[in-house]
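Chemist: Here it is: the structure, laid out below.
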Amino acid sequence: MNSARTASRREFLQAASGGFGAIALAGLMAESGLAASSDPLAARSGHFAPKADRAIFLYSTGGVSQVDTLDHKPQLIADHGKSITASRWLNKPGQFQRFLIKPHWAFQQRGQCGTCVSDLFPHLGSVIDDVCVLNAMHCDSDGHDKATLAAHVGSAQFARPSHGAWVSYGLGTVNRNLPSFMVLAPAAPYAGAQTWGSDFLPACHQGTHVIPGKEPLPNLQPRVPSIELQQMELGLLAKLNRNHLERRAADQALDARIRSFETAFGMQREAPDAFDLSQETEETMKLYGLQRGATAGFGWQCLVARRLAERGVRFIELIDVGSSDNWDSHGNMQDHARLAENIDQPIAALITDLKRRGMLDRTLVVWTTEFGRTPFNAQANHAGREHHNLVFTSWMAGGGVKPGFVHGKSDEYGILPAEGAVHTHDLHATMLHLLGLDHERLTYRHAGRDYRLTDIAGKLVHEILT
């Protein structure tokens with residue numbers, strides 16, 4: 001009886017869809033007879049030959065201290081407890097009597113390049129020869145929400161398309177069975193889902209958020225008994241939706257909804273394989289610090305990121321922690337120790353794994369945080385540090401970046417840039433360049449003006465390019 005119902009249903013769908021379901025996976029826009037160039041997710045060449053085919057963006061929420069991690073300041077150690085006059089405090093200008101606070105961890109020169117790395121990150125130190133450190137980063141706000149927004153969308157004031165959405169818009173996807181932009185995060189950072197949103201870009205470019213856990217990809221199982229039957233169902237639905245869309249020209253929400261069915265269908269086939277870590281060797285699991293069967297943790301995020309990169313996902317963001325428990329160490333810098341332990345080995349493993357698979361040269365890896373932390377505080381020997389956006393540290397690896405290199409320098413105490421300052425806009429411009437995109441030419445017309453990720457600013461950091 002069940003098989004009779006299934007056969008009847010199949011016959012109906014075949015007749016109703018006119019065989020459309022048989023080619024459902026070819027792309028709904030292409031199937032409607034439109035040129036491939038009209039498809040916003042079609043793979044495209046950039047403005048020039050890229051150094052990297054994909055990017056993995058690592059984000060540490062809360063504001064990681066530069067002077068406790070990668071910006072070694074011997075003078076800050078020597079002058080610990082000394083009184084200075086700060087010209088800014090808690091985002092207010094003025095004259096503030098403050099006390100220098102030395103790093104809470106020792107630094108060592110690591111690798112053949114001799115870059116100084118604190119004892120917070122021994123594993124990162126082991127791969128520092130592949131890393132380019134940016135020690136004079138700065139941004140426009142020392143508020144979490146605004147600085148986090150700026151780090152992702154290029155504006156501290158307004159919601160805009162995120163960096164991953166711009167990359168998806170500029171390059172499309174080489175794998176229609178997976179989203180072009182994916183975010184692996186246990187929780188949203190400050191500024192929430194705006195950090196992976198598409199805003200005024202076509203909605204198909206927004207990031208797909210995957211939450212690590214027992215079921216990171218829920219609802220991927222087909223609701224009907226066979227792939228063939230589901231193809232026919234989606235074919236009929238696509239035909240009806242396409243006819244509806246033709247009567248509602250430029251309806252981005254509807255168009256994105258149609259594409260979501262296509263992507264969801266493809267993900268039923270490919271995503272389970274991408275997230276199946278049982279295929280990895282014991283040595284690889286150990287490299288990332290993972291137990292067999294693990295479905296969460298930053299090691300899991302990093303390993304899955306490598307597997308997604310192998311499968312053609314253009315832009316992958318990994319967020320270590322959310323807005324409630326993070327690197328915002330106002331009262332106790334020892335919070336940094338716990339959080340660094342969580343990401344240190346996985347990050348080093350990701351770089352090592354990409355390199356040994358021959359992928360690092362074509363994969364751009366970027367790590368940043370929204371801002372740094374003050375090298376001084378209101379009391380001598382205070383255990384914490386406050387927000388500091390005037391100078392902080394980020395780093396890049398692979399994908400056309402000079403390895404074992406330090407660019408920029410802060411002053412003797414790590415308060416202000418001394419040379420080689422890099423603004424968030426500059427970081428974004430350089431990321432896009434390495435992916436073959438000119439940040440000044442990657443624009444989108446909206447509300448009567450052309451927008452871009454770097455707004456009306458941004459310059460390429462030529463000194464770090466190979």
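Chemist: Anything in region 158-168 that is out of contact with any Cys (no Cβ under 9 Å at 6 or more places or on another chain) and either surrounded by 24 or more Cβ atoms within 10 Å (Cβ to Cβ) or over 25 Å from Ser141 (Cβ atoms) (or both)? List them, or say none.
Modeler: Arg160, Pro161, Ser162, His163, Gly164, Ala165, Trp166, Val167, listed by residue number.
Chemist: Every residue in region 102-127 that is open to solvent by less than 30 Å² (accessible area, probe 1.4 Å), part of a loop (DSSP other than H, G, I, E, B) and touching a Ser or Thr at 6+ places or on another chain (Cβ under 8 Å), please.
Modeler: Residues satisfying the conditions are Pro103, Leu120, Phe121, Val127.
Chemist: Inside region 407-419, can you point out the residues that are touching a Leu at 6+ places or on another chain (Cβ under 8 Å) and open to solvent by 10 Å² or more (accessible area, probe 1.4 Å)?
Modeler: Within region 407-419, His407, Gly408, Glu412, Tyr413, Ile415, Leu416, Pro417 qualify.
Chemist: Just for region 383-413: of the residues that are charged (D, E, K, R) and in contact with a strand residue (DSSP E or B) (Cβ under 6 Å, 6 or more places away or on another chain), which one is nearest to Asp53 (Cα to Cα)?
Modeler: So, considering only residues that are charged (D, E, K, R) and in contact with a strand residue (DSSP E or B) (Cβ under 6 Å, 6 or more places away or on another chain), the one nearest to Asp53 (Cα to Cα) is Lys402.
Chemist: Return the only residue of Asp344, Asp353, Asp335, Asp361 being within 21 Å of Ala147 (Cβ to Cβ) and of a type in the set (Asp, Glu).
Modeler: Of Asp344, Asp353, Asp335, Asp361, the one residue that is within 21 Å of Ala147 (Cβ to Cβ) and of a type in the set (Asp, Glu) is Asp335.
Chemist: Of these, Thr443, Thr424, Thr454, which one is without any contact (Cβ under 8 Å) to a residue 24 or more places away in the chain, open to solvent by less than 50 Å² (accessible area, probe 1.4 Å) and not basic (Lys, Arg)?
Modeler: Only one candidate qualifies: Thr443.
Chemist: Conditions first: (1) within 20 Å of the chain's Cα centre (by Cα); (2) buried (at least 23 other Cβ atoms within 10 Å of the Cβ). Arg373 passes all but one, so which condition is the exception?
Modeler: (1)
Chemist: Would you confirm, using the coordinates I've provided, whether Arg98 is touching a residue at least 60 places away in the same chain (Cβ under 8 Å), of a type in the set (Lys, Arg) and on the phi < 0 side of the Ramachandran plot?
Modeler: yes
Chemist: Can you give me the number of residues within region 374-394 that are out of contact with any Asp or Glu (no Cβ under 7 Å at 6 or more places or on another chain) and in a loop (DSSP other than H, G, I, E, B)?
Modeler: Here the count works out to 12.
Chemist: Moving to a separate point now. In region 271-318, how many are open to solvent by 10 Å² or more (accessible area, probe 1.4 Å), under 24 Å from Gly197 (Cβ atoms) and part of a helix (DSSP H, G or I)?
Modeler: 0
Chemist: Let me spell it out: the conditions are (1) open to solvent by 40 Å² or more (accessible area, probe 1.4 Å); (2) touching a residue at least 12 places away in the same chain (Cβ under 8 Å); (3) farther than 21 Å from Ala337 by Cα, and Phe57 meets all of them except one. Which number is the exception?
Modeler: Phe57 satisfies every listed condition except (1).
Chemist: Please enumerate the residues belonging to region 427-440 that are within 18 Å of the chain's Cα centre (by Cα) and in contact (Cβ under 8 Å) with a residue 24 or more places away in the chain.
Modeler: Residues satisfying the conditions are Leu427, His428, Ala429, Thr430, Met431, Leu432, His433, Leu434, Leu435, Gly436, Leu437.
Chemist: Here's a follow-up. Does region 336-351 include one or more residues that are over 23 Å from Asp68 (Cα atoms), open to solvent by 10 Å² or more (accessible area, probe 1.4 Å) and modelled with pLDDT of 95 or more?
Modeler: Looking through region 336-351, none of the residues is over 23 Å from Asp68 (Cα atoms), open to solvent by 10 Å² or more (accessible area, probe 1.4 Å) and modelled with pLDDT of 95 or more.
Chemist: Same structure, new question: For Ile84, work out the one condition from (1) under 15 Å from His387 (Cβ atoms); (2) among the β-branched types (Val, Ile, Thr); (3) part of a strand (DSSP E or B) it doesn't fulfil.
Modeler: Unmet condition: (1).
Chemist: Is there a residue being open to solvent by 30 Å² or more (accessible area, probe 1.4 Å), touching a strand residue (DSSP E or B) at 6+ places or on another chain (Cβ under 7 Å) and in contact (Cβ under 8 Å) with a residue 24 or more places away in the chain anywhere in region 175-190?
Modeler: No - not one qualifying residue is present in region 175-190.
Chemist: Which condition number in (1) open to solvent by 10 Å² or more (accessible area, probe 1.4 Å); (2) touching a residue at least 40 places away in the same chain (Cβ under 8 Å) is the one that Ala193 fails?
Modeler: Only one criterion in (1) open to solvent by 10 Å² or more (accessible area, probe 1.4 Å); (2) touching a residue at least 40 places away in the same chain (Cβ under 8 Å) is unmet by Ala193, namely (2).
Chemist: Given the structure, is Arg362 surrounded by fewer than 23 Cβ atoms within 10 Å (Cβ to Cβ), of a type in the set (Lys, Arg) and within 17 Å of the chain's Cα centre (by Cα)?
Modeler: It is true that Arg362 is surrounded by fewer than 23 Cβ atoms within 10 Å (Cβ to Cβ), of a type in the set (Lys, Arg) and within 17 Å of the chain's Cα centre (by Cα).
The values are calculated or read from the model by the stated rules, or taken from the named source; none is laboratory data. As the structure is a prediction and not an experimental result, all values here were calculated from the model. Cβ atoms come from the backbone with ideal geometry, glycine included; neighbour counts cover every protein chain shown. Just the protein is used for accessible areas: all its heavy atoms, side chains included, with ligands, DNA and RNA removed. Shrake-Rupley method; radii C 1.70, N 1.55, O 1.52, S 1.80 Å.
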